[in-house]
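What follows is one structure encoded as structure tokens, with my remarks underneath.
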Amino acid sequence: MEELQGKVAVVTGAASGIGYALCERFGAEGMRVVMADVAPDRLEEAARKVGEASGAEVVGVPTDVTRWEDVERLAASAFDRFGAVHLLCNNAGVQRDGLAWEFPLEEWEWIIGVNLWGTVYGVKAFVPRMIERGEEAHIVNTASLGGLVAFPRIAMYTAAKAGVIGLSESLRHDLRAQGHLIGVSVLCPGPVMSNLREHSRDLRPSEADGGEISLMTHVERTPAAAVAELVVAAVRGGRFWILTHPEYNGMIERRCRGILETDEVVEASLLS
């Protein structure tokens, strides 16, 4: 989808981090932007800032992506307001650090709910409407480098993000097989400047602390705006894979060789 001017973008997890940077960039491209986030106060301020900076028409819709009713309402609001959605970014995400067997089930349900079910709900709510419109469109699902290679202590997050990658691959196959003009990309960021750790700690559903979320890196984190640049380039170029840190490609290659040749289970690390 090369032309973005005048098109409509919907972004979840839009009040901060990668989501906010995407909205800034989409607004600068002349798109109309629907921003969705679970935190109404932060969302209202973020939507105001994006609108003022870009002059774009920006709407904020408070949305808990773990609730089907919220995501369906988001889709209905976007299509009612603008008549179409051309770019959907299922971006909302949370993370917890700890041992998989020690977290209560409600934490598992929350992590899977935001990271994987939020994407499933986005696909279910938006894609049929996009197909009905019959226009060229694109979907970007935010996964993680941690969905391609497994890091210690974030099993819940890794499981969810690996699911997002598999969902995105099959979704691309199915849309192509049916002849629909809807592209798919999967974003697999490494360390990025965002408030993911802080927001995840504040939003956790249970009293179980689980400790601080590890930063896991001494590598300089990439600005979220740079990630947004990569996303726009991938949408315009029709590319599926969006990886932000090529210095970690060696780990991905080792994992592939482990599957096919060596039986190595790669323990991923961002330390260098």
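Only helical runs count toward this figure. For the chain, summing -39,500 (n - 2.57) over DSSP H runs of n ≥ 4 and dividing by all residues gives -14000 deg cm²/dmol at 222 nm. Quote the relative contact order of the chain in percent (integer), defining contacts as alpha-carbon pairs under 8 Å separated by 6+ residues. Taking the mean separation of contacting Cα pairs over the length of the chain, I get 20 percent. I'd like the orientation of helix 155-177 relative to the chain: the angle between its Cα long axis and the longest Cα principal axis, in ° from 0 to 90, rounded to 10. Here the helix axis deviates by roughly 50 degrees. Using a probe of 1.4 angstrom and keeping all protein chains present, the accessible surface of the chain works out to 46 square angstrom per residue.
Taking 0.36 nm per residue of sequence separation and removing the Cα-Cα distance, the D41/A53 pair yields an extension gain of 2.5 nm.
Taking Cα atoms, how many degrees apart are the long axis of helix 224-237 and the longest axis of the chain, rounded to 10 and kept between 0 and 90? The angle comes out near 60 degrees.
Using a 1.4 Å probe on the protein chains only, how many percent of the accessible area of the chain belongs to carbon and sulfur? Carbon and sulfur together cover 51 percent of it.
The slack between R81 and F240, meaning 0.36 nm per residue of separation minus the straight C-alpha distance, is 54.4 nm.
Rounded to the nearest 0.05, the FRET efficiency derived from the C-beta distance between S269 and L181 at R0 = 41 Å is 0.50.
Label reach from D174 (point 7 Å along Cα→C-beta): in region 122-149, amide nitrogens under 12 Å belong to 122-128.
Segment R73..E2, full-extension length gain: 22.7 nm, with 0.36 nm per residue of separation and the alpha-carbon distance subtracted. For K124, the lysines whose Cα comes closer than 26 Å to its Cα, not counting residues fewer than 8 places off in the same chain, are K7, K161. Amide hydrogen proximity for V34: with H placed 1.01 Å from N in the peptide plane, the residues at 5 or more positions away or on another chain lying under 5 Å are A9, V10, V11, V59.
A Förster distance of 41 Å, applied to the separation of the beta-carbon atoms of E136 and E247, puts the FRET efficiency at 0.75. For region 52-141, the list of trypsin sites (Lys or Arg not before Pro) that fall in a loop by DSSP and count at most 15 other C-beta atoms within 10 angstrom reads R67.
The values are calculated or read from the model by the stated rules, or taken from the named source; none is laboratory data. From a predicted model like this one, the values you see are computed outputs, not experimental measurements. Every residue, glycine among them, receives a Cβ derived from its backbone with ideal geometry; neighbour counts consider all protein chains shown. Areas reflect the complete protein model, heavy atoms only, side chains present, ligands, DNA and RNA absent. Shrake-Rupley method; radii C 1.70, N 1.55, O 1.52, S 1.80 Å.
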